[in-house]
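Every read-out reported here was derived from the displayed coordinates using simple, explicitly stated rules and does not represent laboratory data. Bear in mind the structure is a predicted one, so any value in this text is a computation, not a measurement. Cβ coordinates were reconstructed from backbone atoms using ideal geometry, including for glycine residues, and neighbour counts include every protein chain displayed.
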């Protein structure tokens, strides 16, 4: 999750005591995942800013495909982090806590930062009524990256319901199987079928799609799949599984290659294989999540490093909120992913944006009211 008050704390006067996790290294791997994921979000937006301007079949376009595909594990990983924390059977998450603590911060952040970005985007043209209407509509829609907040708010709202079955491993695995089949595997196969538009293969999968759509449930689909996956791998993944990392790397490499190849033959820059529910992204997200968990649990970390990582992690929400504004400002003065060698510029520019956004988040975080509600 983005918001760092992820460890659900006990409330004074509450009849339910919610304990802070005691597993020292678990918190560290969550913090590390959060930092890596926000950096990958920045990479997505750095590449996405000019993705459709890069000549197809060029080496630069291949670099863009590679960075964009691998970075797209970011949102699934954030949702998995939320699932690991909010569906933890060792803690209780009552509706009161969700409605009084987590949702208000999301709502306030969405509209405050929506206003900030709206003021940046909307140019006053002399008609006050039209300007105010445009401003209001832009705030409601929100900038492109704030879509995550309503989505995660929806997951928070169904958390007490999901906890009724995620505490049972058999029910959880049944839920995950349904989600993997209907939310990821079938849509991925349908995407592959698009590569063969004039063949019996396409017709066959078109018929299969019609059949699958007759199964009209959405219970195990959407981001609830990643929410449950985060809990599953946090709760039950106890052994180092190198094969999960390898599968994730291979899957993301295939997705990158397919994007480059299909864009070349279709003549249009395609983002079809960047879909967060494709098998490529799903396996990549699982691989990254498990790799960090395994690595952190096998090394010893000094308290100084842990405190540093915890502090950086605590500013991730602010980095997420402000980074697109920083990107837009830098792009407007000529600093973009199209400068020089994109293989160097994309990660370098992402580091610069992260550093500036972190500094802004840290400064705003010095103000108690802002730290509590909007950073």
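Stretching the chain fully between residue 181 and residue 131 yields a gain of 13.4 nm (0.36 nm per residue, less the alpha carbon separation). Based on the reciprocal of the average 1/r between different C-alpha atoms, the Kirkwood radius for the chain equals 22.1 Å. Relative to the current alpha-carbon distance between residue 243 and residue 60, full extension at 0.36 nm per residue lengthens the span by 62.8 nm.
Grab the DSSP H runs of the chain that are 4 residues or longer, score each as -39,500 (n - 2.57), total them, divide by all residues and round the 222 nm result to the nearest 500 deg cm²/dmol.
Numbers: 16 runs with 252 residues, N = 375.
About -22000 deg cm²/dmol.
In segment 52-173, the C-alpha radius of gyration followed by the widest Cα-Cα span (Dmax) gives 20.1, 62 angstrom.
In this simple spin-label model, placing a label point 7 Å from the Cα along the Cα-to-Cβ direction at both residue 339 and residue 364 gives a separation of 2.4 nm.
Applying D = kT/(6 pi eta Rh) to segment 113-155, where Rh is the Kirkwood radius over alpha-carbon pairs, T corresponds to 4 °C and eta to 1.567 mPa s, the Stokes-Einstein value obtained is 118 µm²/s.
For segment 110-197, rounded, prolate or oblate, judged on the Cα gyration tensor with a ≥ b ≥ c (square roots of eigenvalues), a/c < 1.5 rounded, else prolate if a/b > b/c? Oblate is the answer for segment 110-197, as a/c is 1.5 or above yet b/c matches or exceeds a/b. Computed from label points 7 Å out along Cα-Cβ, the spacing between residue 165 and residue 328 is 4.1 nm. Inter-label distance, residue 141 to residue 307: 4.7 nm, where each label sits 7 Å from its Cα along the C-beta direction. Classify segment 289-375 as rounded, prolate or oblate from the Cα gyration tensor: take a ≥ b ≥ c as the square roots of its eigenvalues, call it rounded if a/c is under 1.5, otherwise prolate when a/b beats b/c and oblate if not. The shape class here is oblate.
Once you have a ≥ b ≥ c as the square roots of the Cα gyration tensor eigenvalues for segment 228-375, tell me rounded if a/c is under 1.5, and otherwise prolate or oblate according to whether a/b is larger than b/c. Mind dumping the intermediate values first?
Values: a/c = 2.05, a/b = 1.07, b/c = 1.91.
In terms of gyration-tensor shape, oblate.
Here's the picture: a label point sits 7 Å out from the Cα of residue 236 along the beta-carbon direction, and within segment 157-193 the residues with their amide nitrogen under 16 Å of it are 163-181.
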